[in-house]
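Quick one: the structure is below, questions incoming.
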Amino acid sequence: MLGYLFAAASSWSMSLAVQALALGADAVLLGRPVMFGLALDGQKGVERILELLKRELELAMVLAGCSSLQDIRKDLVMEYPASML
């Protein structure tokens with residue numbers, strides 16, 4: 001059976017969304033920030049939040065050396081030994 005993995009971003013930074021995608025998430029859900037934008041300024045607030053999240057995602061991808069979503073790979077995420085946590 002084919003399954004899908006979704007990660008809830010809530011108030012995460014988009015760098016964490018990139019990590020979730022690298023680790024196998026098929027999508028990242030953005031409910032809470034969108035609702036904050038809606039409460040703040042209606043449709044204009046939602047549009048502003050989505051633009052900010054898009055810019056942050058683009059920056060996180062550039063910093064990771066990814067020019068497209070397809071470039072996000074598992075080897076971008078480093079596993080820390082328990083002794084470093």
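Taking +1 at the Cβ of each Lys and Arg and -1 at the Cβ of each Asp and Glu, which of ALA7, GLY31, LEU53 sits farthest along the dipole of the chain towards its positive end, judged by Cα position relative to the Cα centre?
Of the listed residues, the answer is GLY31.
Return the distance in nm (one decimal) between the two label points of a simple spin-label model at GLN70 and LEU38, each offset 7 Å from Cα along Cα→Cβ.
Computed distance between label sites GLN70 and LEU38 equals 3.4 nm.
Tell me the angle of helix 31-63 to the major Cα principal axis of the chain, expressed in degrees between 0 and 90 and rounded to the nearest ten.
The angle comes out at about 30 degrees.
Between VAL28 and residues 5 or more places away or on another chain, which pairs have amide H atoms under 5 Å apart, with H built 1.01 Å from N, and which residues are they?
ALA7
Moving on to the next point. If you filter the chain for GluC sites (Glu not before Pro), then keep DSSP loop positions with at most 10 other Cβ within 10 Å, what is left? Numbers along the way, then the final one.
Details: sites: GLU47, GLU51, GLU56, GLU58, GLU79; in loops: GLU79.
Counting only loop positions with at most 10 other Cβ atoms within 10 Å, the GluC sites (Glu not before Pro) in the chain are GLU79.
Suppose every Lys and Arg Cβ carries +1 and every Asp and Glu Cβ carries -1, with no other charges. What dipole size does the chain come out with about its Cα centre, to the nearest 20 debye?
Roughly 140 debye, rounded to the nearest 20.
Hey, of (1) 7.4; (2) 7.7; (3) 5.8, which did the structure itself give for mean projected area of the Cα convex hull in nm² when calculated?
Read-out taken from this structure: (1).
Between GLU79 and LEU52, what is 0.36 nm times their sequence separation minus the Cα-Cα distance? Round to one decimal in nm.
Length difference between fully extended and current span is 6.9 nm.
Quick note: the coordinates plus some simple rules give every number you see, no bench work behind them. Keep in mind that this is a model prediction, so the values were computed, not measured. Every residue, glycine as well, gets a Cβ built from its backbone with ideal geometry; the counts of neighbours run over all protein chains shown.
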